[in-house]
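Below is one structure; the comments refer to it alone.
Taken together, the values in this text are just the output of simple stated rules run on the coordinates, not laboratory data. What you are looking at is a predicted structure, and each value in this text was computed from that prediction instead of being measured. With ideal geometry, Cβ positions are generated from the backbone for all residues, glycine too; neighbour counts draw on all protein chains shown.
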C-alpha cells in the first residue's frame, strides 16, 4: 500500500517493481519463427495493483467518451450486441446500393505493442503524468532458456495482460471511430444500404477488431483507405493487409482490391470475434462451421497446459 500511495503521489517506481519478464509460449509443437510463439508478460504484484486502481478509476467515465460502436472493455456494453448487429448487416449485403455494399474487416498488427503514447491526451495534467509514468517506467526482461537476459526499455505500446492496457488502448483508438463517423455523416458519403428505418452504421469494433461498412464504389474505397493510412501514421498501428478484406456479395474485380491493398474474402467465410457471419440461406455451411469449431475445442482440451 505504501508503494502504491507513493507512486500516485508522484514517486517513481524502482526497476525491481517496474520490470516485467517476457516469456514466449510456443503455439505449435515445433516452432521455427517468432510468429509461432505467443508472448506473455509476468509483472510484479505492485505493478498489477497500481494498474488495477487506475483502470477502475477510469472505468466510470469511459461510456461518456468512447463511441457507442466500441463494445470492448466499456461498462454496460455487451460484445454479443455487436456480433448480432454484424450478422444482420452481413445479411443485408445483397441489397441494392451504388457500388454495392462493402464490408472491410480490419485487424491491427501487434496493436498493443505499436500504440503511440501521444494519443493518450485530453486528461488533467496530473492524471497524464501518472499514466505516462506507468507506461514509460516499464522494463522488459526476456526469459531465454529459463533465465532472464538483460532489460529492454519501453518507448511505445502497452503491456498485454495488464488491467490498464485495454482501457488505454480503446481511448487511444477512439480517433479511428470518430473519423469513421465523421466521414459517414458527410452528405457526399455513400452509406451501407440496409432496410428502411435503420440508423447510419459506419463500423462496429471490439478493441482492435473492426468491421467497417460502406458503399463499395471506388471513390468511397479510396476515401476509407486514405483515412486508414492517416490513422496508421498518427497511432503507430498498422493494418494487416493480409487480413483486412473487402467483402462484396457478388463477383468483384481483383484489381479493385489490389489498388487499395485489401484482400478479397469470400462472402460466405466472413468471421468476426471468432464467430462466423453467414447469410440466411447458408444454414448447412453454418452448421458445418459450428461442428468444426466444437471439434477444435475438444482437441484443444487434450493439449498440455503450456500447449493451451
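In which sequence would 180, 200 go, from the one with the fewest C-beta neighbours within 10 Å to the one with the most?
200, 180
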How would you rank 50, 17, 143, going from fewest to most other Cβ atoms within 10 Å of each one's own Cβ?
143, 17, 50
Compute the FRET efficiency between residue 80 and residue 114 as 1/(1 + (r/R0)^6), taking r as their Cβ-Cβ distance and R0 = 30 Å, and round to the nearest 0.05.
0.55
Using alpha-carbon positions, the gyration tensor of region 15-164 gives root eigenvalues a ≥ b ≥ c; with a/c under 1.5 called rounded, otherwise prolate if a/b exceeds b/c, else oblate, the class is oblate
Counting alpha carbon pairs within less than 8 Å and at least 6 residues apart, what relative contact order, in whole percent, applies to region 54-161?
18
Classify region 75-226: rounded, prolate or oblate, from the alpha-carbon gyration tensor (a ≥ b ≥ c, eigenvalue square roots; a/c under 1.5 rounded; otherwise prolate if a/b is larger than b/c)?
prolate
The exposure ranking of 217, 36, 208, fewest beta-carbon neighbours within 10 Å first, is 36, 217, 208
Could you tell me which of rounded, prolate or oblate describes region 130-177, using a ≥ b ≥ c as the square roots of the eigenvalues of the alpha-carbon gyration tensor, with rounded for a/c under 1.5 and, failing that, prolate when a/b is larger than b/c and oblate otherwise?
prolate
